[in-house]
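What follows is a single structure, written as structure tokens, with notes after it.
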Amino acid sequence: MWSFLTSEEDKRPGMCPNCGETVKAQVVESNRFRRDLCKCPNCQARILICRGTECNDYALGGNRYDDEYCETCFKKFLNSCKEYIRELPEKLREHAAKQQKSKKQ
Ligand SMILES: [Zn+2]
Ligand SMILES: [Zn+2]
């Protein structure tokens, strides 16, 4: 989670999204507030540490430089979004009911 606090030596091996190898990324640009920009030692692709919790894999940096998640985590993230949206009407109803209750008190 606090990946910006870890030093270069702490980069754990993870899967490179470009070549599919498990690599220990080399830091190209150290970022204090954002994630470090890394490089795959195998295929030289620009990669970033995935933001997913408990995930050691890397996300492809590309030109945008700020992909948040590796493919696996991105899919997980999308699914959780879908779930959230599906449950949203219910959550809103609950919220409205709670507000009505507090108004009566
Ligand atoms: Zn690679
Ligand atoms: Zn991930």
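Structure data summary
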{"quantity": "5 angstrom amide H check on A25, placed H, neighbours 5+ away", "calculated": "G14"}
{"quantity": "Base-10 log of normalised Debye intensity for the stretch 12-54 (one unit scatterer per alpha-carbon) at q = 0.18, 0.21 Å⁻¹", "calculated": "-0.46, -0.62"}
{"quantity": "Per-pair calculated FRET efficiency, R0 = 25 Å: E54 and L88 via Cβ, rounded to 0.05", "calculated": "0.40"}
{"quantity": "Pair-distance profile P(r), taking every C-alpha pair of the stretch 24-105, with 5 angstrom steps and integer %", "calculated": "3, 14, 17, 16, 10, 8, 8, 8, 7, 5, 3, 2, 0"}
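Read-outs throughout are calculated quantities, based only on the coordinates presented, and are distinct from any laboratory measurement. Remember, it's a predicted structure, so these values are computed and weren't measured experimentally. Glycine gets a Cβ as well: all are built from the backbone with ideal geometry, and neighbour counts include every protein chain shown.
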